[in-house]
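All remarks here apply to the structure that follows.
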Amino acid sequence: MSGCSWGCPKQNYTFNESSSEINWAPILWVERKVALWAIQVIVAIISFLETMLLIYLSYKGNIWEQIFRVPFILEMINTLPFIITIFWPPLRNLFIPVFLNCWLAKHALENMINDFHRAILRSQSAMFNQVLILFCTLLCLVFTGTCGIQHLERAGDNLSLLTSFYFCIVTFSTVGYGDVTPKIWPSQLLVVIMICVALVVLPLQFEELVYLWMERQKSGGNYSRHRAQTEKHVILCVSSLKIDLLMDFLNEFYAHPRLQDYYVVILCPTEMDIQVRRVLQIPLWSQRVIYLQGSALKDQDLMRAKMDNGEACFILSSRNEVDRTAADHQTILRAWAVKDFAPNCPLYVQILKPENKFHVKFAEHVVCEEECKYAMLALNCICPATSTLITLLVHTSRGQEGQDSPEQWQRMYGRCSGNEVYHVRMGDSKFFREYEGKSFTYAAFHAHKKYGVCLIGLKREDNKSILLNPGPRHILAASDTCFYINITKEENSAFIFKQEEKQKRKGFGGQGLYEGSSRLPVHSIIASMGTVAMDLQNTECRPTPSGGGGGGSKLALPTENGSGSRRPSIAPVLEVADSSTLLPCDLLSDQSEDEMTPSEDEGLSVVEYVKGYPPNSPYIGSSPTLCHLLPVKAPFCCLRLDKGCKHNSYEDAKAYGFKNKLIIVSAETAGNGLYNFIVPLRAYYRPRRELNPIVLLLDNKPDHHFLEAICCFPMVYYMEGSVDNLDSLLRCGVIYADNLVVADKESTMSAEEDYMADAKTIVNVQTMFRLFPSLSITTELTHPSNMRFMQFRAKDSYSLALSKLEKRERENGSNLAFMFRLPFAAGRVFSISMLDTLLYQSFVKDYMIPITRLLLGLDTTPGSGYLCAMKISEDDLWIRTYGRLFQKLCSSSAEIPIGIYRTQSHVFSTEPHDLRAQSQVSVSVEDCEDTRETKGPWGVRAGTGGGSTHGRHMVGSDPAEHPLLRRKSLPWARRLSRKGSRHTGKAAAEWISQQRLSLYRRSERQELSELVKNRMKHLGLPTTGYEDVANLTASDVMNRVNLGYLQDEMNDHQNTLSYVLINPPPDTRLEPNDIVYLIRSDPLAHVASSSQSRKSSCSNKLASCNPETRDETQL
């Protein structure tokens, strides 16, 4: 058919640039064959009828609204002309812009996708829809422009389709090379129209896409079902995500090699804050951590997190909430929702209040914050730095912290901090399988001697309960699961056995390796083998003289081979325990002591305590513990310390006449968690003579429910007051206390500015340090990072060096960067958030929570031991090394040592003119050395032994022993003049300047002591007790250093520091005042099975045992 509708001949249309006229014929008319025309007409009729039907069905009374819709107009443009050509044949070659149907196709595709999503009930498809719409819009613009320009340019340059497409891409991308341009005004007009449409449509599409993208970033999108089925992931549910919580979780979770391929999906109802967003953009975490904004109470959000495919779900409480009970309620609902949605997903739940614990008892692992907190703070009072010991045990570390430090204590402390608890089946263990059929104590000692590992407990195959130090009667079986402390687990210690086999072939089979790094010295191995066996009865029951006036434990020196130059030996540990050689008087010594040897001072007025289970538990789910109890419950009025009643007239701590020093715990309210502070201190295995009175200093009055629970315990009192009130402290007997525990208050846990929640606590504790220098204070902080403000001194160069060390360790990726802070190392500061890792570790080590609860005394499994401590005195140094001590304890009392709390001298580098604004007594090192020359061993006075039953209580017990400061000024001046001749020039001047500074500090000390004494006189309290403590002399200071009860402020002045060594090497030298952590076997473990042998053995041996001085390793 001819291109001209009126029968004109076919022409070759060319554009004449010199001519301004446009030939419209090629634009208006095209060559269309009959077959093509017929197909287009059929399609047009169908489309027209469909459009009319849809208009009719969607008619709602306004026809113009339907007519002026863009899809309707496009349908009319592309269908009506074809229908008209049926009736008017000359128009069959008329150009019709059928390429505009692409916009109709785009509209139909959108409707089809929406219908598809509605059909499959997929609601999270907005992002996909918007991306699809944007892509289709761009495609339609380019296609429309390409076809339109190519057709219009038939009257111009006659561009090809590819050239037109190239021109559109260059134009829409705003590049505009200019090599191809439209030549006639119709095509130029089309380009203008297309650009205008693009400028209007595309920004709207991009805006919608960006909005959806931002919303998706806030909500976190989805964790795809395909990834959930092919990859492993855990879910972390929190109410609000803080950066400290996130980093603690990620660092601890990914510290285990087997978890490197796991993904962490965070489900949080709040929007991600800036710090968290910044951290999750780091490549280390961005590929492994997925943040989803949503609620655990919505199945839709749980489905997004693929909870049913998760390996575990961690549900953490928000401890910074003002209402902690409400925070627990939210945690409980989350746990219920997860259990309902995914019953097979293991739950790891953190609860704040102990009374809410039973609501989530279905969870696989539950950690109650207040239970652990108060039990740990209680043990801190009788086992120093228990909080630091437990914190280091539950943190994953390689023991590399501080290894580059020039100071030896930091290297050793950092190395030992890498010890963790591991488990292995005994039959599969190279450490322990050779001890099958042997006693637990035998295996523990020889494994420590040979490999440096500390076996602390086991679990029978047929029993789910873990037993710590079940004792020498327990025979190991191949099916037992052994729990041990070591730097690394056995699988990573294979090289040890290879080196050992090589040594055996060379004839050195008796020497083991400690961690594969260094061979044990020969003297340590020979000593631990025991050349001459000792009589176990004499070892355990021999009376030991109380040297230097101090009581406490002594490890008896064997007399038969201790004379002359021969090295004393220790009895070997028996493979199988001999029941006749195991002292029952050591197992049940406390009862015989209580009944047979009443104190002369107590007379007949002493109240006999009974052992039993507390009749009233303050909450459901508390573990029953056998305790020292009163035979009759005390009336509530008698529990009030500062007010008399009809039963007694005592109104202050002095009037009660306590034999032991007080333990004061300051708390805001008498919550049920405080019950767990009392139980470990009144447990049946604590000797009755060592029970310290407990005073609860409460901001709010306790309710009757709490008083009913504590009225059965002996020597437990309460008083209303606060630590920021000096009168309250004096009334509750702070001057008669050895330990003050400051628990974090709920009302101060949240602050407008982060990390300011501890401001009041820190300042109050600093004030108490200055007012009561002899007091040992343990402080709980909300944020661990704030421990750097404890004992803060701006110009102390040593503290600044520790700060730099902490920053360097943090840069190296350490999880324990704060461990070198002196207050933490000494166990004087603690934050409950440090124990969050206990819950995280239980994902890999499901035994960590039960073991920790056993160590803290929260659970008392029959047959399981308990944590205690003993002090190494001057008379115990014959043992020489930790390995020999291990054998001594295993062979005599079947106790397992797990670490050392060491207090040692240290030269602190401070500026000479730094006053440090501290008020404790300052005595120079030379001064202390001079006073020690005139005293007995370790500065203990000759006349102080009879004043107290325990060595720790002898200082400050007699006012006559502590003359006033001015009475000591003359001897001190004489020493100053005597020593002055040894100093010449500048050194002498600096030394004299330091002594003047010491005098200045003494004057400030006196001012503070006068303030306290005036308040005591105003309150009607006797001031003698405070004068004993306030006017410490040089010898008193050294006594306190040697006794190991000097608090941090004095430690700094007296050049001492304290730290914890977990499972030190066997060749570690023992030092005076070391406190050894022990796991002592259960005294009642074998009472039922061996009652007859115990009676016969006790009758023969009690005659030679003095209960007051027998070989009992006690603090």
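The values are calculated or read from the model by the stated rules, or taken from the named source; none is laboratory data. Here the structure is a predicted model, which means the values were calculated and not measured. Here the Cβ positions follow ideal geometry from the backbone for every residue, glycine too, while neighbour counts run over all protein chains shown. In case anyone asks, the SASA skips ligands and DNA or RNA and just uses the protein heavy atoms, side chains included. Shrake-Rupley method; radii C 1.70, N 1.55, O 1.52, S 1.80 Å.
Annotations
- The phi-based Karplus calculation (6.51 cos²θ - 1.76 cosθ + 1.60; θ = phi - 60°) puts the 3J(HN,Hα) values of the stretch 87-93 at 8, 10, x, x, 8, 5, 9 Hz, whole numbers, x for Gly and Pro.
- Given Lys633/Lys745; Lys242/Lys306; Lys661/Lys871; Lys361/Lys661, the pairs whose alpha carbons are separated by over 27 Å: Lys633/Lys745; Lys361/Lys661
- Taking 0.36 nm per residue of separation and subtracting the Cα-Cα distance, full extension of the segment from Glu668 to Thr230 would add 152.7 nm.
- Accessible-area rank, largest first, for Tyr675, Tyr177, Tyr736, Tyr613: Tyr177, Tyr613, Tyr736, Tyr675, with all protein chains present and a 1.4 angstrom probe.
- Measuring against 26 Å, Cα to Cα, the residue pairs Lys430/Lys845; Lys357/Lys643; Lys298/Lys373; Lys438/Lys459; Lys373/Lys888; Lys659/Lys1017 contain Lys357/Lys643; Lys298/Lys373; Lys373/Lys888 as the ones spanning a longer distance.
- Of the peptides 641-651, 385-395, 199-209, 303-313, the order by per-residue mean of other Cβ atoms within 10 Å, starting with the highest, comes out as 385-395, 303-313, 641-651, 199-209.
- Ile274 contributes an accessible area of around 120 Å² to the protein surface, as traced by a 1.4 Å probe with all chains present.
- Label-point separation in nm, His705 to Thr270, each point 7 Å along Cα→Cβ: 2.9 nm
- Peptide ranges 834-844, 796-806 listed from the most packed, as the mean C-beta count within 10 angstrom indicates: 834-844, 796-806
- Hydrodynamic radius of the stretch 254-386 per Kirkwood, over alpha carbon pairs, in Å: 16.6 Å
- Residues whose amide H comes within less than 5 Å of that of Leu236, counting only those at least five positions distant or on another chain, are Val265, Ile266, Leu267, Phe314 (H built at 1.01 Å from N in the peptide plane).
- Taking a Cβ cut-off of under 14 Å around Ala326, the surrounding Lys, Arg, Asp and Glu residues balance to a net charge of -1, with basic ones at +1 and acidic ones at -1.
- Each other residue within a Cβ distance under 10 Å of Leu781 adds +1 if Lys or Arg and -1 if Asp or Glu, for a net charge of -3.
- Averaging 1/r across all pairs of distinct Cα atoms in the stretch 757-840 and inverting the result yields a Kirkwood radius of 13.7 Å.
- Heavy atoms of Val238 accessible to a 1.4 Å probe, total area in Å² rounded to 10: 0 Å²
- If R0 is 30 Å, the Cβ-Cβ spacing of Lys430 and Glu364 corresponds to a FRET efficiency of close to 0.50.
- Area of Glu321 that stays accessible when all protein chains are in place (1.4 Å probe, Å², to 10): 80 Å²
- Protection proxy ranking, peptides 1058-1069, 764-775, average beta carbon neighbours within 10 Å, highest first: 1058-1069, 764-775
- Across Ser479, Ser905, Ser439, the residue with the most accessible area heads the list, and the full order at a 1.4 Å probe is Ser905, Ser479, Ser439.
- Residue-count net charge about Ser465 - beta-carbon cut-off 15 Å; Lys, Arg +1, Asp, Glu -1: -2
- Additional length obtainable on full extension of the chain from Tyr755 to Leu109, 0.36 nm per residue less Cα span: 227.1 nm
- Applying the Karplus relation 6.51 cos²θ - 1.76 cosθ + 1.60 with θ = phi - 60° to the stretch 397-411 yields 3J(HN,Hα) values of 8, 8, x, 9, 5, x, 6, 8, 6, x, 8, 5, 5, 6, 5 Hz, where x marks Gly and Pro.
- Taking 0.36 nm per residue of separation and subtracting the Cα-Cα distance, full extension of the segment from Arg277 to Ala35 would add 80.8 nm.
- Across the protein chains, with a 1.4 Å probe defining accessible surface, the residues Ile1079, Ile55 rank Ile55, Ile1079 from largest area downward.
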